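J.: Okay, here's the structure, questions in a sec.
The values are calculated or read from the model by the stated rules, or taken from the named source; none is laboratory data. Here the structure is a predicted model, which means the values were calculated and not measured. Counting neighbours? That spans all protein chains shown, and the Cβs are built from the backbone with ideal geometry, glycine included. Quick note on the areas: whole protein, heavy atoms, side chains included, nothing else; ligands and nucleic acids left out. Shrake-Rupley method; radii C 1.70, N 1.55, O 1.52, S 1.80 Å.
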Amino acid sequence: MRLTGPLRAVAVLLLVGLTWLLANSLFGGDSGSSVKFFFSETRPRRYKCGLTAPCPPKHLAFRLVSGAANVIGPKICLEDKMLVSSVKNNVGRGLNIALVNGVTGELLASKVFDMWAGDVSELLKFLRPLHEGTLVFVASFDDAATKMNDETRRLFEELGSTAVKELAFRDSWVFVGAKGIENKSPFEQRMKNSKSSNKYEGWPESLEMDGCIPLRPPLEG
């Protein structure tokens, strides 16, 4: 037997009421707080720079994203602040580098070095005078290696890089190093440019890396 219009409306109202009572019995409180609780539990919590977990005290949260082919620019995020991005209009082909005070977390400088048609001496002038404890964030875009020479690679090795020795034409590269680091940096990824595995025509896929970097204690003296 089919329900008539009024009976159908009553049935719908009863169903809604039962659902509301069930929600309150499960979650407690009023329906508004129940809905809020439900969505807060199902939506992943976001931490600084999109990390899935918070960093410990006296650590800097960061995320690096290399460029995608020669179309989408790289990103460097630190403590939820975008240091380098296409939106800020401060990215370019080559190496996108941000220098950060390793004691305070303050941005010291950011610059782009064209490693395809630029002058590598500009990069050398940028890296040679770094002070002890300076953090160096690097994200590649398009080509990061064509203009690299032996001194450039050595300087990055001194900052803790192991991949820079093999970095080649159009490889994707993200790296965080520090002036005066005693060991190799744990924050580095490289994706080789290979016709057999490239995600984009002529370029490997973009790399993404995040983590927490401990702040250095102030230097004595």
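J.: List the residue pairs whose Cβ atoms are under 7 Å apart, where the first residue sits in the range 197-209 and is more than 20 Å from CYS49 (Cβ to Cβ), the second is of a type in the set (Asp, Glu) and part of a loop (DSSP other than H, G, I, E, B), and the two are 6 or more positions apart or on different chains.
T.: Going by the 7 Å Cβ cut-off, the qualifying pairs are LYS199/GLU205; PRO204/ASP171.
J.: Where residues in the range 189-211 are part of a loop (DSSP other than H, G, I, E, B) and among the charged types (D, E, K, R), which of them is most open to solvent (accessible area, probe 1.4 Å)?
T.: Here the residue is LYS195.
J.: Scan SER185, SER172 and give me the residue that is touching a residue at least 12 places away in the same chain (Cβ under 8 Å), within 20 Å of ASN101 (Cβ to Cβ) and open to solvent by less than 40 Å² (accessible area, probe 1.4 Å).
T.: SER185
J.: Tell me whether the range 109-126 contains one or more residues that are out of contact with any strand residue (DSSP E or B) (no Cβ under 6 Å at 6 or more places or on another chain), of a type in the set (A, V, I, L, M) and open to solvent by less than 20 Å² (accessible area, probe 1.4 Å).
T.: yes
J.: State all residues of the range 107-132 that are in a loop (DSSP other than H, G, I, E, B) and among the acidic types (Asp, Glu); if no residue qualifies, say none.
T.: ASP114, ASP119, GLU132
J.: Where residues in the range 137-152 are within 20 Å of LEU207 (Cα to Cα) and not in a loop (DSSP other than H, G, I, E, B), which of them is farthest from the chain's Cα centre (by Cα)?
T.: Restricting to residues being within 20 Å of LEU207 (Cα to Cα) and not in a loop (DSSP other than H, G, I, E, B), the top hit is PHE141.
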